[in-house]
Amino acid sequence: MVDQVLGETFGAVLVSDFYAAYNHYDGLKQRRWAHLLQATHELRELYPDNASVQRWAQELNTLYQQAKAFSSPKDRERLAAKVQFERRARAICAPYRENQAAASGACLLGSTANDGLIHRYK
């Protein structure tokens, strides 16, 4: 169904939730922070005694809050901050990128952008 809606020539950034039907799209994807934060909240509730899950969720939430609070009128500073936020997001999620079961799909990301996540799956 997704392929029928997008068509063969779709080449833009695909903005979506974490619905698995979008995963096979090979282009850039943007996942909304709201969906990611909801997933981390649910994981925290499911695993209240798992220190690793709690730490991961807190680190991701802190990153979101810091990225959301960042502001600069200078293009160069915004770009530098974007790159740093992307690196931190990848580092936070690195242990879970290859193990989708461990991450429950919540950390399949590569970079941040504005109010969402943009990433490319290979």
**Request:** Return only the number of the condition from (1) surrounded by fewer than 16 Cβ atoms within 10 Å (Cβ to Cβ); (2) closer than 23 Å to Ala89 by Cα; (3) of a type in the set (Gly, Ala, Ser) that Gly11 does not satisfy.
**Result:** (2)
**Request:** Report yes if some residue within region 67-83 is crowded, with 16+ Cβ neighbours inside 10 Å, part of a helix (DSSP H, G or I) and within 13 Å of the chain's Cα centre (by Cα); otherwise report no.
**Result:** yes
**Message:** Report every pair of residues separated by at least 6 positions or lying on different chains whose Cβ atoms are under 7 Å apart, first residue within region 86-101 and part of a helix (DSSP H, G or I), second at pLDDT 75 or above.
**Reply:** Arg88/Leu63; Ala89/Leu63; Ile92/Trp56; Ile92/Glu59; Ile92/Leu60; Ile92/Leu63
**Prompt:** Do you know which residues across region 84-98 are surrounded by 11 or more Cβ atoms within 10 Å (Cβ to Cβ) and acidic (Asp, Glu)?
**Reply:** Glu86
**Residue among Leu37, Leu43, Leu60 that alone is in a helix (DSSP H, G or I), surrounded by 16 or more Cβ atoms within 10 Å (Cβ to Cβ), within 12 Å of the chain's Cα centre (by Cα) and touching a residue at least 24 places away in the same chain (Cβ under 8 Å)** = Leu60
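Give the number of residues within region 1-34 that are under 18 Å from the mean Cα position of the chain (by Cα), over 25 Å from Thr62 (Cα atoms) and of a type in the set (Phe, Trp, Tyr). Steps first, answer last, please.
The first filter runs over region 1-34 and keeps only residues under 18 Å from the mean Cα position of the chain (by Cα), leaving 12-34.
Next cut, over 25 Å from Thr62 (Cα atoms) only: 12-14, 20-27.
Restricting the remaining residues to those that are of a type in the set (Phe, Trp, Tyr) gives 22, 25.
Here the count works out to 2.
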**Message:** Based on this model, can you work out whether Ala21 counts as exposed (fewer than 13 other Cβ atoms within 10 Å of the Cβ) and among the small types (Gly, Ala, Ser)?
**Reply:** yes
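The values are calculated or read from the model by the stated rules, or taken from the named source; none is laboratory data. These numbers were taken from a predicted model, which means no experiment stands behind them. Methodologically, a virtual Cβ is constructed for each residue, glycine included, from the backbone with ideal geometry; neighbour enumeration extends over all protein chains shown.
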